[in-house]
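Heads up: the structure comes next, in structure tokens.
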Amino acid sequence: MSLPSTGNKAASMLQHLILLTAPLFLLVLLGYALVQWGSWPKEIADGLTRFVFSVAIPAMLFRLMSGVSNLPPPNWMLLIVFFGSCLAIFVLGRILARFMFRMDGVSQSVFGLGAVFSNIVLLGLPLSKITLGDAAVPAVSLILVFNAFLLWTLVTVSVEWARNRSTSLAGLAKTAKDVITNPIVASILGGTLFGFTGIPLPTVIDSTFVLVGEAAAPLALVALGMGLATYSLQEGMKESMVICALKLVVQPLLVYGLARWVGLSPLHTQAVVLLAAAPTGANVYLMAREFRTLEGTIAFAMVLSVALSSITIPVALALLGVN
């Protein structure tokens, strides 16, 4: 008697996913069409990527982090479970990238980021609200804030260390300078420091940051589509499939194991597993473009992970007993 109900729930979940992901695919298709059939030059994609990476995302992150002092006390176990899994998978990703695909340190770093950076803003947050209810939103929002801070900083440090690789005082100073002056990291640190002053952003500045920040996600997806039109996807298909396996299968399983081990509540366990099972975020593609490595591989992995998540997310939630 329960089979029709289970089938209806699965169909409803699939419908929610389709509604959430359709705009993502349409924006990617728009970017692809502009280059493939509209004959837009590659330089436009380069300029668009630079604007998103250097202006739009920093504006969004500065505003996000400027409110960090107003957040409730963090649930450290929740953060340890989610970001502990991110660190473990990132290291595993670097190892696989080195020994399976003979990548250098910079490529390894971007490869590892692709395996852990979830699309929380466009998919994780709305999907958790739909499936788990409003009670899950504080936990998801907490992870969203720390996701930007920890993972962007992690990959930037990893890349700059791979580039400089010096233990001398001058080498370490250069690495630190390159990390701190990165637009993403600088906006995170600047926003956090400003947030702890307790001074609210002036209304005009806040509204401007909102408008610029809201452009980050759609423009990143358009840039991704423009990039897909210029890459040979077959070259990085194996690498993309490994990224998707790590992101959609290995990380959710690891998060679930850690959540059970530390005794997270059922709701928090469901929330962190859902976020871990979310597809790779488009921001990883911007990082690939910024560091000029694995651009085609990450572009294909992001699109493929969104498509595959329509299977893995409903399966994960069903196994967790989400109604």
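Setting aside same-chain residues fewer than 8 positions from LYS247, which aspartates and glutamates have a Cα under 16 Å from its Cα?
GLU239
Can you compute the modelled spin-label distance between PHE101 and VAL204, with each label point 7 Å from Cα toward Cβ, in nm?
4.7 nm
Where in the chain are the helices, taken as whole DSSP H runs, whose Cα atoms extend 27 angstrom or more along the long axis and whose Kyte-Doolittle mean reaches at least -0.5?
Qualifying helices, which must be both long enough and hydrophobic enough, are 3-36, 76-101, 137-164, 295-319.
Can you show me the helix-derived [θ] at 222 nm for the chain, built from DSSP H runs with n ≥ 4 at -39,500 (n - 2.57) apiece and divided by the number of residues, rounded to the nearest 500. Walk me through the numbers before you get to the answer.
Values: 16 runs with 242 residues, N = 323.
Using -39500 (n - 2.57) per qualifying helix, the result is -24500 deg cm²/dmol.
Enumerate by residue number the trypsin sites (Lys or Arg not before Pro) in segment 12-111 meeting two conditions: DSSP loop (anything except H, G, I, E, B), and at most 15 other Cβ atoms within 10 Å of the site's Cβ. Before the final figure, lay out the partial values.
Working: sites: LYS42, ARG50, ARG63, ARG94, ARG98, ARG102; in loops: ARG102.
Qualifying residues, ordered by number: ARG102.
In segment 211-304, which trypsin sites (Lys or Arg not before Pro) are in a loop and have at most 16 other Cβ atoms within 10 Å, using DSSP for the loop call?
ARG292
For LYS238, which aspartates and glutamates qualify as cross-link partners when the Cα separation must be under 19 Å and same-chain residues fewer than eight apart are set aside?
Of all the aspartates and glutamates, those that pass the test against LYS238 - Cα under 19 Å, at least 8 places apart if same chain - are ASP104, GLU295.
Go ahead and set up a Gaussian network model of the chain, Cα springs under 10 Å, then flag whichever of ASN283, ASN147, ASN75 fluctuates most.
Comparing ASN283, ASN147, ASN75 in the GNM, the peak value goes to ASN75.
Evaluate the charge dipole of segment 15-319 about its Cα centre and quote only its size in Debye, nearest 20, assuming +1 on the Cβ of each Lys and Arg and -1 on the Cβ of each Asp and Glu. Walk me through the intermediate numbers first.
Working: 16 positive and 12 negative charges, 111 e Å.
Rounded to the nearest 20 debye, it is 540 debye.
Let me know the whole percent of all Cα-Cα pairs from the chain that are separated by more than 37 Å. Please list the in-between numbers first.
On the way: 7126 of 52003 pairs.
The calculated P(r) of the chain puts 14 percent of pairs beyond 37 Å.
Where in segment 115-159 does the label zone of ALA318 land, with the point 7 angstrom along Cα→C-beta and an amide N cut-off under 16 Å?
Hits in segment 115-159 for ALA318 at 16 Å: none.
Taking K and R as +1 and D and E as -1, what net charge do the other residues with C-beta under 9 Å from the C-beta of GLN108 add up to? If you can, show how the numbers build up before the last one.
Details: positive: ARG94, ARG98; negative: ASP104.
Its environment carries a net charge of +1.
Would you kindly state the longest site-free stretch of the chain, with sites defined as chymotrypsin sites (Phe, Trp or Tyr not before Pro) in a DSSP loop (not H, G, I, E, B) surrounded by at most 14 other Cβ atoms within 10 Å?
Details: sites that count: TRP37, PHE196.
Excluding the exposed sites themselves, the longest stretch runs over 38-195.
What residue among ILE243, SER118, ALA88 has its Cα farthest toward the positive end of the dipole of the chain, where the charges are +1 on Lys, Arg and -1 on Asp, Glu, each on the Cβ?
So the residue furthest toward the plus end is ALA88.
Go ahead and run the numbers for FRET between VAL91 and ARG165, Cβ-Cβ distance against an R0 of 25 Å, rounding to 0.05. Show your work: numbers first, answer last.
On the way: r = 17 Å, r/R0 = 0.69.
The computed FRET efficiency comes out at 0.90.
Read-outs: derived from the displayed coordinates by stated rules, not from any lab. Since this is a predicted model, take the numbers as computed values, not measurements. Glycine also receives a Cβ, built like all others from the backbone with ideal geometry; neighbour counts cover every protein chain displayed.
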